[in-house]
1. Which ³J(HN,Hα) values, rounded to whole Hz and listed in residue order, are derived for the stretch 54-70 from phi using the Karplus coefficients 6.51, -1.76 and 1.60 in 6.51 cos²θ - 1.76 cosθ + 1.60 with θ = phi - 60°, glycine and proline given as x?
2. Roughly what would the spin-label model give for SER57 and CYS39, points 7 Å off Cα along C-beta, in nm?
3. What is the diffusion coefficient of the stretch 9-94 in µm²/s, taking the Kirkwood radius over Cα pairs and the Stokes-Einstein relation at 20 °C with a viscosity of 1.002 mPa s?
4. Could you calculate the contour length gain from ALA77 to THR22, that is, 0.36 nm times the residue separation minus the distance between their Cα atoms, to one decimal place in nm?
5. In percent, what relative contact order does the stretch 9-94 have, based on Cα pairs under 8 Å that are 6 or more apart in sequence?
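Readers should treat all values here as calculations from the given coordinates under stated rules, not as data from a laboratory. Fair warning: this is a prediction, and the values are worked out from it, not measured in the lab. For neighbour counting, all protein chains shown are included, and Cβ atoms are generated from backbone atoms with ideal geometry for every residue, glycine included.
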Amino acid sequence: MAAPPPTDPSTITESTLSAALTERLEATHVQVTDMSGGCGQSFTSLIVSPQFRGLNSLKRHRAVNAALKAEIAAIHAWSAKCLTPEEWEKQGGGAEKKSEPPKDGTVDGKVEGTTQ
């Protein structure tokens, strides 16, 4: 019996999204959190990838959305915080404190991806 297609919402989990991001974006660090209470329909993430170097926030998010096109089409909500390894290190990534993905789509009180 063949495995269900990746667009089957029942096969999309924190671990499958994390593995896909690690492979497709050559991510060095990925945190994916299921915000839907376990039904797998709303996820937030923190993605650290050298592929983000030289890209602004919009281009980084487009790269993530392209990498997860089939998966994102099958879920209700997706948000991502995208950092280069240097930005991650500067924020203390991998050190004692762990950066959690934004639970409300904001970074430092501002909606990520805006200049307001």
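1. x, 9, 6, 4, 4, 5, 5, 5, 5, 5, 5, 4, 5, 5, 10, 3, 5
2. 2.9
3. 166
4. 17.8 nm
5. Value for the stretch 9-94: 31 percent.
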